[in-house]
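Some notes on the structure that comes next.
Derivation of every value follows stated rules applied to the coordinates shown; laboratory data play no part. These numbers were taken from a predicted model, which means no experiment stands behind them. Quick reminder, even Gly has a Cβ in these numbers, built from the backbone with ideal geometry, and neighbours come from all protein chains shown.
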Amino acid sequence: MTAALLVDLQHFPREHLPALLCALPKAELHIHIEGSLEPELIFELAQRNGVALPYASVEALRAAYAFTDLQSFLDIYYAGASVLLHEADFFDMAWAYFQRAHADNVVRAEVFFDPQTHTERGIPFEVVIQGLHRACERARTELGLSCDLILCFLRHLSEDSAMATLDEALPWQHLFIGVGLDSSEQGHPPAKFARVFARCRALGLHLVAHAGEEGPPAYVREALDVLKVERIDHGVRSIEDPALMQRLATEGVTLTVCPLSNLKLGVVSTLAVHPLPMLLAAGVKVTLHSDDPAYFGGYMNANWLATFEALPTLGAAEAITLARDSLKASWVSEAQKMRWLDRLAETVALASRYAGQKSI
Ligand SMILES: Nc1ncnc2[nH]cnc12
Ligand SMILES: [Zn+2]
């Protein structure tokens, strides 16, 4: 029996919850590496690479981060990425992210990157992936952080462009474990990418897609039925469709939810009305992530802390479920998952003892 089962989670003192949230080992399954590019690093890289920025200072750039919806964010996000020119730039960005994730007790990171954002500007694919890969290797050896890359296709571009990107990526297939689908959702249904995802499936790659962030629940169904994805990124609009909710629960589909992102992009008006408790109550597997932490005001632990602060019905039991499901939904061996689940149980036992709880 694991240590976690010997702890009375219902009576875990709320004042000790933040420490538990921060200490839990977690998997970050929804992070766009270009969305971890902090304004300070944007300015540093702009100077290093002689790129002119339309902002006078870091503060002025940060002040522009007032988004009204997904597209208003994406416009600034793609502009920010324009300072990334050389392999070292991609390395610096990813290494900074891995250090932050490690500090938040992230033990596994499955990291999205958007090659078309760079290849369309004339940056060779290999420059992008080699810089990111080197940062992954350093994170594994120096931080003990398990990490892998997921190549995302931009859905506002054509499927032909996605196909050409896949062709460019194939010589580097050993350096990424799956493909995803991101960027502007409305008007770009998953089925637009049916052929390229079928090809990726045949290549043995893992599959995931953003759906039901701004787009309708029908896009979540399409991502499952047409693209045959293993997880859904966001998926929060599934709550509008009871039959879909039932299906997600029955089939054990994981939704990688990003609360601060949903707040900053107007998907929810406040965190207090976030559908996370409804998803959990319906038996849907949910995990919590940072999406684009440099733009939305926080990395993993900031997302967890803000969410639990805003939603008082969520307590220690839900925190452990979310952390456990993130580890279970990660794309690693079952043996590795068991080791992390043991570590999670030990963390819960320690936190409970520290919070003054007796074993039961
Ligand atoms: N939240 C998000 N939705 C869609 N595409 C994205 N690319 C980066 N962040 C994204
Ligand atoms: Zn995302």
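For the range 163-206, residues that are within 16 Å of ligand 1 (Cβ to nearest atom), outside any loop (DSSP other than H, G, I, E, B), within 19 Å of Arg231 (Cβ to Cβ) and without any contact (Cβ under 8 Å) to a residue 40 or more places away in the chain total 2.
Of the residues in the range 267-278, not one is within 15 Å of ligand 1 (Cβ to nearest atom), touching a His at 6+ places or on another chain (Cβ under 9 Å) and assigned to a helix (DSSP H, G or I). Exactly one residue out of Thr250, Thr307 is out of contact with any Gly (no Cβ under 7 Å at 6 or more places or on another chain), free of Cβ contacts under 8 Å to residues at least 12 places away in the same chain and more than 16 Å from ligand 2 (Cβ to nearest atom): that is Thr250. The set of residues in the range 60-77 being in contact (Cβ under 8 Å) with a residue 60 or more places away in the chain, assigned to a loop (DSSP other than H, G, I, E, B) and of a type in the set (A, V, I, L, M, F, W, C) consists of Phe67 alone. Which one is nearest to the chain's Cα centre (by Cα) among residues in the range 12-47 that are in a helix (DSSP H, G or I) and among the acidic types (Asp, Glu)? Ranking the qualifying residues of the range 12-47, first place goes to Glu34.
For (1) in contact with a strand residue (DSSP E or B) (Cβ under 9 Å, 6 or more places away or on another chain); (2) under 18 Å from Glu40 (Cβ atoms), each residue gets a yes or a no:
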| site | (1), (2) |
| --- | --- |
| Ser72 | no, no |
| Ala88 | no, yes |
| Phe112 | yes, no |
| Thr119 | no, no |
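In the range 45-76, how many are among the aliphatic types (A, V, I, L, M) and under 21 Å from Lys264 (Cβ atoms)? Result for the range 45-76: 9. Could you please let me know if Glu240 is within 16 Å of ligand 1 (Cβ to nearest atom), surrounded by fewer than 21 Cβ atoms within 10 Å (Cβ to Cβ) and under 15 Å from Pro275 (Cβ atoms)? Against the criterion (within 16 Å of ligand 1 (Cβ to nearest atom), surrounded by fewer than 21 Cβ atoms within 10 Å (Cβ to Cβ) and under 15 Å from Pro275 (Cβ atoms)), Glu240 does not qualify. Per the listing Leu341, Leu350, Leu314, Leu305, the residue uniquely hydrophobic (A, V, I, L, M, F, W, C), surrounded by fewer than 23 Cβ atoms within 10 Å (Cβ to Cβ) and touching a Cys at 6+ places or on another chain (Cβ under 8 Å) is Leu305. Just to be sure I understand the filter: pairs with C-beta atoms under 7 Å, separated by 6 or more residues or on different chains, first member in the range 34-54 and under 21 Å from Asp291 (Cβ atoms), second member hydroxyl-bearing (Ser, Thr, Tyr). Which pairs pass? From the range 34-54, the pairs are Glu34/Tyr77; Glu34/Thr117; Gly35/Tyr77; Gly35/Tyr295; Ser36/Tyr97. Residues in the range 223-237 that are within 18 Å of His188 (Cβ to Cβ), within 16 Å of ligand 1 (Cβ to nearest atom) and of a type outside the set (A, V, I, L, M, F, W, C) were compared, and the one that is surrounded by the fewest Cβ atoms within 10 Å (Cβ to Cβ) is Arg237. Can you tell me which residue within the range 142-162, out of those that are among the charged types (D, E, K, R) and either within 16 Å of ligand 2 (Cβ to nearest atom) or free of Cβ contacts under 8 Å to residues at least 24 places away in the same chain (or both), is farthest from Ala103 (Cα to Cα)? Among residues in the range 142-162 that are among the charged types (D, E, K, R) and either within 16 Å of ligand 2 (Cβ to nearest atom) or free of Cβ contacts under 8 Å to residues at least 24 places away in the same chain (or both), the one farthest from Ala103 (Cα to Cα) is Asp160.
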